[in-house]
1. With respect to Tyr204, determine if the residue is of a type in the set (Phe, Trp, Tyr) and surrounded by fewer than 17 Cβ atoms within 10 Å (Cβ to Cβ).
2. What pairs come up if the first residue lies in the stretch 177-203 and is free of Cβ contacts under 8 Å to residues at least 24 places away in the same chain, the second is assigned to a strand (DSSP E or B) and exposed (fewer than 12 other Cβ atoms within 10 Å of the Cβ), and their beta carbons are under 8 Å apart, counting only those six or more places apart or on different chains?
3. Looking only at the stretch 278-331, which residues are part of a loop (DSSP other than H, G, I, E, B), in contact with a helix residue (DSSP H, G or I) (Cβ under 8 Å, 6 or more places away or on another chain) and in contact (Cβ under 8 Å) with a residue 40 or more places away in the chain?
4. Looking at the stretch 108-123, can you tell me whether even one residue there is closer than 27 Å to Ile309 by Cα, touching an Asp or Glu at 6+ places or on another chain (Cβ under 6 Å) and surrounded by fewer than 21 Cβ atoms within 10 Å (Cβ to Cβ)?
5. One residue is enough: does the stretch 242-250 have a residue meeting the conditions touching a residue at least 24 places away in the same chain (Cβ under 8 Å), closer than 20 Å to Ala191 by Cα and assigned to a helix (DSSP H, G or I)?
6. Answer yes or no as to whether Glu314 is among the acidic types (Asp, Glu) and surrounded by 13 or more Cβ atoms within 10 Å (Cβ to Cβ).
7. I need every pair where a residue in the stretch 128-148 that is basic (Lys, Arg) has its Cβ under 6 Å from the Cβ of a residue that is not in a helix (DSSP H, G or I), sequence separation at least 6 or different chains.
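The values are calculated or read from the model by the stated rules, or taken from the named source; none is laboratory data. Predicted model only: the values in this text are computed from it and were never measured. Cβ coordinates were reconstructed from backbone atoms using ideal geometry, including for glycine residues, and neighbour counts include every protein chain displayed.
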Amino acid sequence: MGRKIRSREGFIVDKDSGEVIDDSPLEASGDVFWSREFCTDEEKVEEIINSIVPGLVEILKAYLRKRLCNASYNEVNSALSALWSSEAATIFRRTLSRRAHAMPSLYESKAFNLAGLAGLAVYRCLKRAGYGDDQAVEVLAEASRGTLESELHRVANAFLNEFKSCRKKALVRWISRPLREVIDVEYASQALGTEVRTLGKLSYITTRVLGLGVQITSTKVDISSRADDVNRVVEVLQFLSRRLGVEFSKPLPAVATIIIKLPFKVNLRTLATYEGGEHQGTRVKLVRNSYTALVYPTTVNIYARLDGILDKIESVIADFLPTICAHIEKS
């Protein structure tokens, strides 16, 4: 076995094979899909529900009386504080805040109607690049119809196509855990014809099943596949369940590796300066809440936490593209 190194994404990999050995640093950071922040017992559930319901009644009354429609966010937040406390208010405030800040403008709505989330991302990208609302929507409309009269049309069209293909090309790490007993790694190595490897106290095996890379520890199975290969992931787990005599949970997407080819060159210096990036030689590293992006002059590698939701691939790309478009290298 080769030397162990810690990747820039926070997990430990084998230097020779590139296999992920220990991803506990990644699992422990951020709001991952098995986060237990709001896990609670039945008594607490009843307490939260009992505190939420009266508040919902008051909010409904206020809405029907047209008060809420004209209230500012601070006024609404103040009303929530008076109605609720503890977890109930926290959950509702977060939801309200996200919705309030996610309301699209008229032009964003037009962009979304033209080409969905891809259109919205490209519109915001053109805006960050310095183009006006009307021009951005017009170019998007023409590019989505295949009109490529200018360099700007070509850029918009390239982004639309790249956005639509990114999910298919994305590499996803799926996580499944034994529902009852832990996995006997020694037995698994014999059943699958591979050797047990160790890293400190961690024992694991790596193999390929039905063409997909698989890593097994005592507490989970890690499967790597294309994002649209979920059926094969399920088949792999069914095979392992029969071979190992272990029942596994539904596979959930944990991390996606997304590669974006840019239709222009990025100014890495201004990107690092104005977007809080870390300059690393020929690339810039950007760290956001749900993803890390390694930006090269004409390509980007994104490592995104999916929190068990595959559709986050598109939302991460939509969040990232406008950032990069503000730093196009001037020719």
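1. Judged against the criteria, Tyr204 is not a match.
2. none
3. If the condition is that a residue be part of a loop (DSSP other than H, G, I, E, B), in contact with a helix residue (DSSP H, G or I) (Cβ under 8 Å, 6 or more places away or on another chain) and in contact (Cβ under 8 Å) with a residue 40 or more places away in the chain, then Ser290, Leu306, Leu310, Ala326, His327 are the ones that fit.
4. Yes, the stretch 108-123 contains a residue that is closer than 27 Å to Ile309 by Cα, touching an Asp or Glu at 6+ places or on another chain (Cβ under 6 Å) and surrounded by fewer than 21 Cβ atoms within 10 Å (Cβ to Cβ).
5. yes
6. So Glu314 passes the test.
7. Arg128/Ala326
Residues are listed down the side, and each one gets a yes or a no for (1) assigned by TED's automatic domain parsing to the domain that holds Asp229; (2) surrounded by 18 or more Cβ atoms within 10 Å (Cβ to Cβ); (3) under 25 Å from Asp229 (Cα atoms); (4) hydrophobic (A, V, I, L, M, F, W, C):
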{"position": "Leu160", "(1), (2), (3), (4)": "no, yes, yes, yes"}
{"position": "Ser165", "(1), (2), (3), (4)": "no, no, yes, no"}
{"position": "Ile183", "(1), (2), (3), (4)": "yes, yes, yes, yes"}
{"position": "Ala188", "(1), (2), (3), (4)": "yes, yes, yes, yes"}
{"position": "Ala191", "(1), (2), (3), (4)": "yes, no, yes, yes"}
{"position": "Glu195", "(1), (2), (3), (4)": "yes, no, no, no"}
